[in-house]
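Working notes, structure below.
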Amino acid sequence: MNSTQLAELTQRIIAAVEMAIVGKHNVIELALSVLLSNGHLLIEDIPGVGKTTLAKALARALGLSFKRIQFTPDLLPSDITGSSIYNQKSGEFEVRQGPVFANIVLADEINRTTPKTQSALLECMEERQVTIDGIGHPLPKPFFVIATQNNIELAGTYALPEAQMDRFSARIHIGYPDRVAELEILRAQRHVHPVESIQAVVTQEEILAIQRAVRDIHVDDDVRGYILDIVIETRHHTAVSLGASPRGALGLLHVAQARAALQGRTAVLPDDVKAAAVSVLAHRVVVRPEHRVRGVTGESVVEDILRRTAVPVAVRS
C-alpha cells in the first residue's frame, strides 16, 4: 500500500466520522492515529461532549465489531473478560466470552470501578489476549480500547494507577464545540443521531493493511533522537517525580508514524512528533505535589520541554 492509497483511505474514514463529530478534525485525526498505530486511547473530559459518540462513529466507519462496557463500582473482572461455565449437557466447561472480545471496546467511565477490575484490561491491552482458567484466548484483530472518564467528578471514582495509564498510547480532551459547530449539531440531530447513518468505508483487511503500512513509515535517526530527547527530559524535569517510560517513547514514535501516513507522507517529520507529544506523554508524567498545587500539569511540563528541545533540521519527507 503506497502513501497515496494510505492517505486516501484514512481521509475517507475521517470524513465519515465527521458526520457525527462536528468541528473536531484534530481530535478525530489523533484518535485515528492511535488506532492505526495499534495503540489505545483515553478520553478525559466533561459529560456530554461526544466521548461515546466518537467511539461509536469510529466503529461504524471502520465496519468493526463494537462493545460498550459501563464501568460501575460493582463490576467484576469476569464481567469484562468472560468466564468458564459448566455445560451440563456436554459435561464439560466452556468459555463464555465477555464484552472485551470485540474489535473496538468502549470502557465507559473507567474510573468508576475498582482498581482490581480496571486491571482486568491490562493483559487485554498489552498482550491482546484474555486468560481464563489458565488458558489464553486471543482477541480479535484489530483490537482497540477507548476508555472515557469525567475529569470533574471525584466522588465514587478511583484514579487509574500508573501501570494502567501507561497502557494508553494517548489521552485526549474533546472540549466544547464552537458556536458554528454546535449550531450544526442542533440542526443535524433534529430527528436521529448522525452516527446511525455512518456506513463502513473500509474493510477489516484494509485496516490491518494500513496498520502494517504505518509501521513502515520512515523515521530518520535524527527524529528518533528528537523523540528520545523529549522523553528523557520528562524524567529529569524539576517538576516531575516520574517521567515517561520506554513504552511512552515507542508510543510517540508509532503515533507520529500514523500521523505522517494520514498526511500522505512517507517519512516522519519533527512536526508530527510535536503534534502528538502532549497527548502521548502528558498522562505518563507524574508531577510533584509541590508543583501540582501551583498549577503545573503533565501537559504544561511536556509543552515546556518541547519549547526547550532542539528540533532537527533537514529531515526528508
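The values are calculated or read from the model by the stated rules, or taken from the named source; none is laboratory data. Just so we're clear, the structure is a prediction, and the values are computed from it rather than from any experiment. Virtual Cβ from ideal backbone geometry, glycine too; neighbours counted across all protein chains shown.
Between a first residue in segment 140-166 that is under 12 Å from Leu121 (Cβ atoms) and a second residue that is at pLDDT 80 or above and among the aromatic types (Phe, Trp, Tyr), which pairs have beta carbons less than 9 Å apart while being 6 or more apart in sequence or on different chains?
Val145/Phe168; Ala147/Phe71; Ala147/Phe168; Leu160/Phe168
When you go through (1) at pLDDT below 85; (2) surrounded by fewer than 12 Cβ atoms within 10 Å (Cβ to Cβ); (3) farther than 30 Å from Leu242 by Cα one by one for Ile185, which number turns out not to apply?
The number of the failed condition is (2).
Of all residues in segment 77-110, how many are of a type in the set (A, V, I, L, M, F, W, C), at pLDDT below 90 and in contact with a helix residue (DSSP H, G or I) (Cβ under 8 Å, 6 or more places away or on another chain)? Walk me through how you get there before you give the answer.
As a first pass, look at segment 77-110 and keep what is of a type in the set (A, V, I, L, M, F, W, C): 80, 85, 93, 95, 100-102, 104-107, 110.
Pick out the ones that are also at pLDDT below 90 and you get 85, 93, 95, 110.
Cutting the leftovers down to in contact with a helix residue (DSSP H, G or I) (Cβ under 8 Å, 6 or more places away or on another chain) gives us 110.
Counting residues in segment 77-110 that are of a type in the set (A, V, I, L, M, F, W, C), at pLDDT below 90 and in contact with a helix residue (DSSP H, G or I) (Cβ under 8 Å, 6 or more places away or on another chain) gives 1.
Are any residues in segment 262-294 charged (D, E, K, R) and assigned to a helix (DSSP H, G or I), and if so, which ones? I'd like the intermediate steps shown before the answer.
At the first step, the residues of segment 262-294 found to be charged (D, E, K, R) are 265, 271-272, 274, 284, 288, 290, 292, 294.
Asp271, Asp272, Lys274, Arg284, Glu290, Arg292 - these are the residues of segment 262-294 that are charged (D, E, K, R) and assigned to a helix (DSSP H, G or I).
Could you list all residues from segment 131-149 that are in contact with a helix residue (DSSP H, G or I) (Cβ under 8 Å, 6 or more places away or on another chain) and within 29 Å of Gly50 (Cα to Cα)?
Hits for segment 131-149 are Leu139, Lys141, Pro142, Phe143, Phe144, Val145, Ile146, Ala147, Thr148, Gln149.
List pairs: first in segment 1-13 and within 28 Å of Val195 (Cβ to Cβ), second assigned to a helix (DSSP H, G or I) and acidic (Asp, Glu), Cβ under 8 Å, 6+ apart or cross-chain?
Filtered contacts from segment 1-13: Leu9/Glu206.
Could you please give the count of residues in segment 102-130 that are at negative phi, in a loop (DSSP other than H, G, I, E, B) and touching a Leu at 6+ places or on another chain (Cβ under 6 Å)?
Here is the first cut: in segment 102-130, the ones at negative phi are 102-108, 110-127, 129-130.
When the remaining residues are screened for being in a loop (DSSP other than H, G, I, E, B), the result is 102-103, 113-114, 119.
Subsequent filtering for residues that are touching a Leu at 6+ places or on another chain (Cβ under 6 Å) retains 103, 113.
Of the residues in segment 102-130, 2 are at negative phi, in a loop (DSSP other than H, G, I, E, B) and touching a Leu at 6+ places or on another chain (Cβ under 6 Å).
Taking the stated definitions as given, is Gln257 closer than 20 Å to Ala31 by Cα, outside any loop (DSSP other than H, G, I, E, B) and modelled with pLDDT of 95 or more?
Values: closer than 20 Å to Ala31 by Cα: yes; outside any loop (DSSP other than H, G, I, E, B): yes; modelled with pLDDT of 95 or more: yes.
When the stated conditions are applied, Gln257 passes them.
Restricting attention to segment 231-248, and to residues there that are of a type in the set (S, T, N, Q) and over 18 Å from Val34 (Cβ atoms), which single residue is surrounded by the most Cβ atoms within 10 Å (Cβ to Cβ)?
To start, the set of residues in segment 231-248 that are of a type in the set (S, T, N, Q) comprises 234, 238, 241, 245.
When the remaining residues are screened for being over 18 Å from Val34 (Cβ atoms), the result is 234, 238, 241.
Numbers: Thr234: 24, Thr238: 8, Ser241: 14.
Among those residues, the one meeting the criterion is Thr234.
Quick grid of which residues meet (1) more than 27 Å from Cys124 (Cβ to Cβ); (2) surrounded by 24 or more Cβ atoms within 10 Å (Cβ to Cβ); (3) not assigned by TED's automatic domain parsing to the domain that holds Ala61:
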residue: Arg12; (1), (2), (3): yes, no, no
residue: Ala15; (1), (2), (3): yes, no, no
residue: Glu18; (1), (2), (3): yes, no, no
residue: Gly23; (1), (2), (3): yes, no, no
residue: Val27; (1), (2), (3): no, no, no
residue: Ala31; (1), (2), (3): no, yes, no
residue: Leu36; (1), (2), (3): no, yes, no
residue: His40; (1), (2), (3): no, no, no
residue: Asp45; (1), (2), (3): no, no, no
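Any idea which of (1) within 23 Å of Ser279 (Cα to Cα); (2) surrounded by fewer than 16 Cβ atoms within 10 Å (Cβ to Cβ) is the one Thr4 doesn't satisfy?
(1)
Name the residue, out of Thr148, Thr157, that is at pLDDT 85 or above and of a type in the set (Ser, Thr, Tyr). Spell out how you get there, then give the answer.
Details: Thr157 fails: at pLDDT 85 or above.
None of the others qualify; the one that does is Thr148.
With respect to the numbered conditions (1) touching a helix residue (DSSP H, G or I) at 6+ places or on another chain (Cβ under 6 Å); (2) farther than 23 Å from Ala276 by Cβ, which one is the sole condition not fulfilled by Thr113?
Going through (1) touching a helix residue (DSSP H, G or I) at 6+ places or on another chain (Cβ under 6 Å); (2) farther than 23 Å from Ala276 by Cβ one by one, Thr113 breaks only (1).
Residues that are out of contact with any Phe, Trp or Tyr (no Cβ under 9 Å at 6 or more places or on another chain), among the aromatic types (Phe, Trp, Tyr), surrounded by 16 or more Cβ atoms within 10 Å (Cβ to Cβ) and in a helix (DSSP H, G or I): does segment 219-230 have at least one?
Yes, the conditions are met somewhere in segment 219-230.
Condition (residue is under 21 Å from the mean Cα position of the chain (by Cα) and assigned by TED's automatic domain parsing to the domain that holds Ala310) applied to segment 174-183: is it met by at least one residue?
Of segment 174-183, the ones under 21 Å from the mean Cα position of the chain (by Cα) are 174-177.
Then keep just the ones that are assigned by TED's automatic domain parsing to the domain that holds Ala310; that gives none.
So far as segment 174-183 goes, no, none of its residues is under 21 Å from the mean Cα position of the chain (by Cα) and assigned by TED's automatic domain parsing to the domain that holds Ala310.
For (1) within 30 Å of Ser84 (Cα to Cα); (2) among the aliphatic types (A, V, I, L, M), each residue gets a yes or a no:
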{"position": "Ser119", "(1), (2)": "yes, no"}
{"position": "Gly136", "(1), (2)": "yes, no"}
{"position": "Thr157", "(1), (2)": "yes, no"}
{"position": "Ala181", "(1), (2)": "no, yes"}
{"position": "Ala188", "(1), (2)": "no, yes"}
{"position": "Asp222", "(1), (2)": "no, no"}
{"position": "Asp229", "(1), (2)": "no, no"}
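Of all the residues that make up segment 33-54, how many are within 12 Å of the chain's Cα centre (by Cα) and either closer than 23 Å to Ala188 by Cα or without any contact (Cβ under 8 Å) to a residue 12 or more places away in the chain (or both)? Walk me through it before giving the result.
Going through segment 33-54, the residues within 12 Å of the chain's Cα centre (by Cα) turn out to be 33-44, 51, 54.
With the extra rule that they be either closer than 23 Å to Ala188 by Cα or without any contact (Cβ under 8 Å) to a residue 12 or more places away in the chain (or both), the set shrinks to 51, 54.
Qualifying residue count for the region: 2.
Going through Ala107, Ala159 one at a time, which residue ends up being closer than 25 Å to Val34 by Cβ, among the small types (Gly, Ala, Ser) and surrounded by 14 or more Cβ atoms within 10 Å (Cβ to Cβ)?
Among Ala107, Ala159, only Ala107 is closer than 25 Å to Val34 by Cβ, among the small types (Gly, Ala, Ser) and surrounded by 14 or more Cβ atoms within 10 Å (Cβ to Cβ).
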